[in-house]
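*Asks:* Sharing a structure below in structure tokens format, with a few things to ask.
The values are calculated or read from the model by the stated rules, or taken from the named source; none is laboratory data. The structure displayed is predicted, hence computed values, not measured ones. Backbone-built Cβ (ideal geometry, glycine too); neighbour counts: all protein chains shown.
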Amino acid sequence: MTASTLVKPPRAATPMAFVQAIVKGYARHGVDPGAALRAAQITPRELWRPGARVTAAQFEALNEHAMQELDDEALGWFGRKLPWGSYGMLCRASLTSPNLGVAIRRWCRHHRLLVDDIALSLTVSNGEATVHIEERRDLGAFREFCLVSSLRFLHGYASWAIDSRVSLRNACFPYPAPAHAEAYPLMFTGRVQFDAPRASFSFDERYLALPMMRDERALRTMLRRALPLTVLQYRRDRLLGQRVRELLRTHGTELTNAEAIATALHVSSRTLHRQLQAEGLSLQALKDEVRHETAVDQLRRSERPIKQIALAVGFRNEKSFARAFRQWTGMTPGEMRRGGA
């Protein structure tokens, strides 16, 4: 993983409420959190200041120190500890999967062998894959941090394993919006919903078919600094080109510019252009590709006037459509309709 692979969130973006949850984990285990807070450079005064935030680096340092000192990677969430190395074992057990779908199912199944306080599952319906969390006991003061972290651990691992951002459509949480709700879009792309029936996130089913791209050596390297996977977002999305094509085919008349398309994909227009460029694509080329496909289909399957087809695929007039069509196919729309190809 290189520095260019990830996008850093704004400075001091992690809510202090998550730091406070770790301090509660220390209290549950009867251990003084002082050393961990000092390692993360968090003062007692800052710890309880309303609206305070910490940086990704501070939160990473705090988590690593706490997980090792308490020998509990769950930091007190569950009825029993998850000893240091437990999540590494989950990663390793899924690593040899042929694709992401199998890997996530293995993760969910093996997670149940570790704890019975929550159960993770994967469902697929109507082209959408959803990871759910079933709460099997009252998580009390650890509820928010546990549910958020459990989803982020799996999402971060999934993105790392296929070397691609798994772009989320929805992230749902079964509690009212907290005071730090504005931090959630930094942690979860897509639409964030509170007061949902249960915690979950959803994404395009096609990610499940992507092959695993990592090996044991890469895993050992990643596990030395695994937490950034749950804090930072991958830039690369190996399905972005396909998702743009799909949007243009279904909503091309509504999404007429880069800003509108980027908003529909929950990214900035700059990120949209950059990611497409990394795939060797451009937005204009994708627009032309979809226009070409749609125009050819309508010329062959309908008797609509060519002028109407030109307007339907986004051209201002028949003349500009004919000029572009000749560049695409080497013939005019009329020649195509008469069976030229």
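*Asks:* From the residues in the stretch 123-138 that are surrounded by fewer than 18 Cβ atoms within 10 Å (Cβ to Cβ) and under 22 Å from the mean Cα position of the chain (by Cα), which one is nearest to residue 155 (Cα to Cα)?
*Replies:* The qualifying residue nearest to residue 155 (Cα to Cα) is 130.
*Asks:* Within the set of pairs 6 or more residues apart or between chains, which connect a residue that is touching a residue at least 24 places away in the same chain (Cβ under 8 Å) and assigned by TED's automatic domain parsing to the domain that holds residue 29 inside the stretch 71-83 to a residue that is outside any loop (DSSP other than H, G, I, E, B) and surrounded by fewer than 14 Cβ atoms within 10 Å (Cβ to Cβ) with Cβ atoms less than 9 Å apart?
*Replies:* So the pair list comes out as 76/27.
*Asks:* Here is a further query. Just to be sure I understand the filter: pairs with C-beta atoms under 8 Å, separated by 6 or more residues or on different chains, first member in the stretch 30-48 and within 17 Å of residue 75 (Cα to Cα), second member in a loop (DSSP other than H, G, I, E, B) and not acidic (Asp, Glu). Which pairs pass?
*Replies:* Pairs found: 37/43.
*Asks:* Would you confirm whether or not the stretch 139-154 contains a residue that is more than 21 Å from residue 79 (Cβ to Cβ), touching a strand residue (DSSP E or B) at 6+ places or on another chain (Cβ under 8 Å) and at pLDDT 95 or above?
*Replies:* No, the conditions are met nowhere in the stretch 139-154.
*Asks:* Moving to a separate point now. If only one of 298, 275 is buried (at least 18 other Cβ atoms within 10 Å of the Cβ), touching a residue at least 24 places away in the same chain (Cβ under 8 Å), closer than 23 Å to residue 244 by Cα and of a type outside the set (Phe, Trp, Tyr), which one is it?
*Replies:* Going through 298, 275 in turn, just one is buried (at least 18 other Cβ atoms within 10 Å of the Cβ), touching a residue at least 24 places away in the same chain (Cβ under 8 Å), closer than 23 Å to residue 244 by Cα and of a type outside the set (Phe, Trp, Tyr): 275.
Results for (1) modelled with pLDDT of 90 or more; (2) closer than 30 Å to residue 297 by Cβ, shown as yes or no for each residue.
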{"position": "161", "(1), (2)": "yes, no"}
{"position": "168", "(1), (2)": "yes, no"}
{"position": "184", "(1), (2)": "yes, no"}
{"position": "189", "(1), (2)": "no, no"}
{"position": "203", "(1), (2)": "yes, yes"}
{"position": "230", "(1), (2)": "no, no"}
{"position": "234", "(1), (2)": "no, no"}
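*Asks:* Where residues in the stretch 57-100 are buried (at least 19 other Cβ atoms within 10 Å of the Cβ) and over 28 Å from residue 20 (Cβ atoms), which of them is nearest to the chain's Cα centre (by Cα)?
*Replies:* 100
*Asks:* Residue by residue through the stretch 27-57, note down the ones that are closer than 25 Å to residue 181 by Cα and assigned to a helix (DSSP H, G or I).
*Replies:* 37, 44, 45, 46, 47, 56, 57
*Asks:* A further question follows. Quick check on my filter: what residues within the stretch 14-39 are in contact with a strand residue (DSSP E or B) (Cβ under 9 Å, 6 or more places away or on another chain), surrounded by 22 or more Cβ atoms within 10 Å (Cβ to Cβ) and aliphatic (A, V, I, L, M)?
*Replies:* 19
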